Structure formats: structure tokens, C-alpha cells
Amino acid sequence: MKLTYLSLGSNLGHRELHLEKAQKQIQRRIGRLERVSRFYESEPWGYSSANRFYNCCVSLQTNMEPLKLMELLLDIEREMGRHRAGTGYSDRIIDIDLLFYGNIKLDHPDLTLPHPSMGDRRFVLAPLAEIAPDLIHPVTGLSIAEMLRVCADQSEVRPVP
């Protein structure tokens with residue numbers, strides 16, 4: 001079993017319900033959820049939209065290989081109504097990113113591990129620091145709490161009341 005970390009986000013429709021549904025699907029199809037952060041609200045990152053995101057991070061144990069895991073995460077997104085159009089960022093019902101798969105470093109055309117942009121995104125680091133502040137990034141050597149402290153992204157990310 002590998003300890004895996006995911007980031008979930010939604011900025012369309014019933015954001016909280018979408019995140020909860022995705023968590024249930026992940027638990028049912030992939031592995032047992034270990035820890036789940038609170039929901040955080042954040043502004044869109046990388047594009048403009050009036051729709052704010054709800055984000056959270058989860059950790060889970062899985063025996064699924066990374067590429068198969070990614071395939072199933074994309075299936076869950078599609079089944080929940082996510083339509084990927086083009087290469088840019090856009091509003092979405094659900095977004096699930098695979099952040100870490102144990103300490104594995106992977107550079108594959110379909111998947112890079114650890115997630116290459118997570119250190120630039122406060123909306124990922126804040127909920128991840130809640131559930132795994134001492135987790136060490138295998139490339140940077142920094143803990144998640146340290147990565148959050150030095151993150152250049154200063155956009156507003158706040159817990160949902």
C-alpha cells in the first residue's frame with residue numbers, strides 16, 4: 001500500500017457536494033481515505049472567473065499503480081461531468097490532482113510526480129499543510145508547511161465556515 005495525496009477542487013454548481021461526491025468515489029474505487037482537510041475557498045488560479053473554488057486535500061492508502069490511479073481519477077472527473085476543452089484553465093465541476101504517490105518521482109507523458117506545480121499554488125498547499133505539514137517533498141526537500149510559508153502565490157485562501 002502506498003500513501004497518496006490528492007487535491008480536489010470545484011467552482012461550478014454545488015461545490016461542497018461535488019467535493020464530497022468525489023471523496024466517496026475515491027474511497028469506493030481507489031482506497032481508504034486516511035485524512036481529509038477542511039474545505040477552503042479560493043479565487044481561480046491561472047485565469048479569470050467570477051466563480052470561486054472550494055478546495056480540499058485528502059490522503060489515502062492504495063495498492064493501485066500511479067498510472068492506473070490517474071486513469072481512475074480522470075474517469076471520476078468525467079463521470080461527474082468534467083469536460084476538458086483545450087489546454088487552458090477553465091471553470092469546472094470537479095478537478096482531482098494527484099500530488100504525491102509515496103516518495104516516487106515519475107516523469108511520464110501522462111503523469112509527473114510529485115505534481116510539478118503544487119509549490120506555486122496556495123490553494124493546494126494550505127489544505128495539504130492542514131493534513132500533512134511535515135510531509136517532505138522528495139524534490140525540493142522542504143516540508144509542506146515550509147513550502148506554504150515560501151509560496152510566491154499570495155492569493156486569498158480561507159477555510160469555509
*Which numbered condition residue 44 fails, given (1) of a type outside the set (A, V, I, L, M); (2) under 18 Å from residue 160 (Cβ atoms); (3) part of a loop (DSSP other than H, G, I, E, B); (4) open to solvent by 40 Å² or more (accessible area, probe 1.4 Å)*: (4)
*Quick one: which residue in 82, 38, 78, 28 is touching a Cys at 6+ places or on another chain (Cβ under 8 Å) and not in a strand (DSSP E or B)?*
38
*Residues in the stretch 107-126: is at least one open to solvent by 20 Å² or more (accessible area, probe 1.4 Å), of a type in the set (Ser, Thr, Tyr) and either within 19 Å of residue 19 (Cα to Cα) or touching a helix residue (DSSP H, G or I) at 6+ places or on another chain (Cβ under 7 Å) (or both)?*
no
_Residue among 149, 158, 92 that alone is part of a strand (DSSP E or B) and either open to solvent by 80 Å² or more (accessible area, probe 1.4 Å) or at pLDDT below 95 (or both)_ = 158
*Give me a count of the residues in the stretch 22-39 that are among the basic types (Lys, Arg), open to solvent by 70 Å² or more (accessible area, probe 1.4 Å) and without any contact (Cβ under 8 Å) to a residue 60 or more places away in the chain.*
3
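The values are calculated or read from the model by the stated rules, or taken from the named source; none is laboratory data. Quick caveat: nothing in here was measured; it's all calculated off a predicted structure. As a convention, Cβ positions derive from the backbone with ideal geometry for all residues, glycine included, and neighbour counts pool all protein chains shown. These accessible areas exclude ligands, DNA and RNA; they are computed on the full protein's heavy atoms, side chains included. Shrake-Rupley method; radii C 1.70, N 1.55, O 1.52, S 1.80 Å.
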